[in-house]
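Q: Let me begin by handing over the structure; questions about it come next.
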Amino acid sequence: MPVSSEVEETPSKPLKLVNCISCGANAFIPGDLRPLEITACSKCGGELMMPMMLEHFELNSRIAAGGMGTVYRATDTVLKRDVAIKLMQSELVEDEEGLEAFYAEARAMAQLNHTNIIHVYQFGQLNDQLYLVMELALAGSLDRLIDQHRTVSELQVLDVGIKIASALDTALKQKLLHRDIKPGNILFNADNEPKLVDFGLVAKAEAGVDYSQQIWGTPYYIAPEKLRREPETFLADMYSLAGTLYHAITGHTPFEAPEIDDVVLAHLNKPLTPPRKRVQSITGPTSDAIVLAMNKTPAKRYQSYDEFIMALTAARSQLLRSQLASPSPSRPRRPKPAAPKETTPSKGWFRRGK
């Protein structure tokens, strides 16, 4: 009986070629994935996403997820530029409070025009999907920098502090408080410029904040007056920024404990260890500026962002002067030439003190 040479063919699944953000390689993913669905890169194991069109924006990869939505890297197919798009979580569409918070974030960011605040390009709605189109900052966050290096150089910490304090001052002039300053909310663009993001907890400075239900903020950087349920002012943002700088420059959060409740209590009761006692190489002016901005009593902190910026700028200037005065370990100072041999005593040879 003749044997059939025919082989039954199984239909192949369609494939789609996408670019992996993690390794930069082109990789195929199953074409039957739903838009925004995730799979693993076959080359590096990184995250690959099925692209989705949202009007004239193509969403290509996921950047981060938060309480109110998920942020994606996208391409504006009309203006030919990369942007970030925040999609509001679908379950919040029916949540009046969540909906208002999303609108509040969009309005707040649209009011603010500052180099160190992420710019908003567009706010829109397609069917039931609300979205926010923003400037893209893909060079990582201050949080990631701390994770990678444990400590960030004093000069970069001062630069970040000066610029983000200026950004917060601009927000304050629009009567806005950020209310969630932390390393994860400071991103860097391709030029290493820090960008303040996530105004999801923004509040009007003169409106006061209702603490009857919940206290919002990140426990490691939260100002003690918020925990005491006192009226919240810009000084709470200043405290959180100083706490963020403390973490970056020392590699430690201002207060550390096994339990979050103990961390919170430390903000209220425990004296702050000055950064210089954590890391001896930190200069005195930098350490002092951070400590003063983190005083547990708001009235004893700097009373304006200008004062805080001036203190950080003075610390930066002194740090640069000290670095210029001392030779770099990688570039040792040249030895002085030997004195010429003379029959009479030489004049003018002395050792210059530092």
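Q: With a Förster radius of 51 Å, plug the Cβ-Cβ distance of ILE260 and TYR103 into 1/(1 + (r/R0)^6) and report the FRET value to the nearest 0.05.
A: The pair ILE260/TYR103 has a calculated efficiency of 0.95.
Q: So which of LYS195/LYS300; LYS226/LYS296; LYS86/LYS163 end up more than 21 Å apart by C-alpha?
A: From the list (LYS195/LYS300; LYS226/LYS296; LYS86/LYS163), the Cα-Cα distance tops 21 Å for LYS195/LYS300; LYS86/LYS163.
Q: Ok, one more. Hey, can you grab everything whose amide H is under 5 Å from the amide H of LEU54? Only 5+ residues off in sequence or another chain; H modelled, so Pro and N-termini drop out.
A: LEU59
Q: Among 267-275, 183-191, 252-260, what's the highest-first ranking by average C-beta atoms within 10 angstrom per residue?
A: Descending packing order for the listed peptides: 183-191, 267-275, 252-260.
Q: While we're on this one: Could you please rank LEU92, LEU158, placing first whichever residue has the fewest other Cβ atoms within 10 Å of its Cβ?
A: Ascending number of Cβ neighbours within 10 Å: LEU92, LEU158.
Q: Can you compute the radius of gyration and Dmax for the range 1-160, using only the Cα atoms, both in Å?
A: Expressed in Å, the Cα Rg and Dmax of the range 1-160 come to 20.9, 86.
Q: What is the packing order of peptides 240-246, 15-21, taking the mean over residues of other C-beta atoms within 10 Å and listing the highest first?
A: 240-246, 15-21
Q: Give me the aspartates and glutamates in straight-line cross-link reach of LYS80: C-alpha distance below 15 Å, same-chain residues under 8 apart excluded.
A: Cross-link targets: GLU55, GLU58, GLU135.
Q: If you place +1 on the Cβ of every Lys and Arg and -1 on the Cβ of every Asp and Glu, how big does the dipole about the Cα centre of the range 53-136 come out, in debye to the nearest 20?
A: The calculated dipole for the range 53-136 is roughly 540 debye.
Q: For the range 142-324, list log₁₀ I(q)/I(0) at each q in 0.08, 0.10 Å⁻¹, using the Debye formula over Cα point scatterers of equal strength and ignoring solvent, two decimals each.
A: -0.22, -0.35
Q: Could the peptides 167-179, 42-54 be put in order, highest first, of the mean number of other beta-carbon atoms found within 10 Å of their residues?
A: Per-residue Cβ counts within 10 Å, averaged per peptide and sorted highest first, yield 167-179, 42-54.
Q: Still on this structure, I have one more. Given the Cα-Cα distance of GLU307 and GLN122 and 0.36 nm per residue of separation, how much length would full extension add, in nm?
A: The GLU307-GLN122 span can extend by a further 63.2 nm.
Q: Please list, in chain and number order, the residues 5+ apart from ILE63 or on another chain whose amide H is under 5 Å from its amide H, with Hs placed from the backbone.
A: Amide H neighbours of ILE63: VAL71, TYR72, ARG73.
Q: Mind listing the long-range amide H neighbours of ILE117? Cut-off is under 5 Å, sequence gap 5 or more, other chains count too, H placed in the peptide plane at 1.01 Å from N.
A: LEU196
Q: Same structure again: Quick check: from the Cα gyration tensor, does the range 53-136 come out rounded (a/c under 1.5), prolate or oblate?
A: oblate
Each value in this text was obtained by applying a stated rule to the coordinates, not by laboratory testing. Owing to the predicted nature of the structure, the values given are computational and were not obtained by experimental measurement. Cβ: placed from backbone, ideal geometry, glycine included. Neighbour counts: every protein chain shown.
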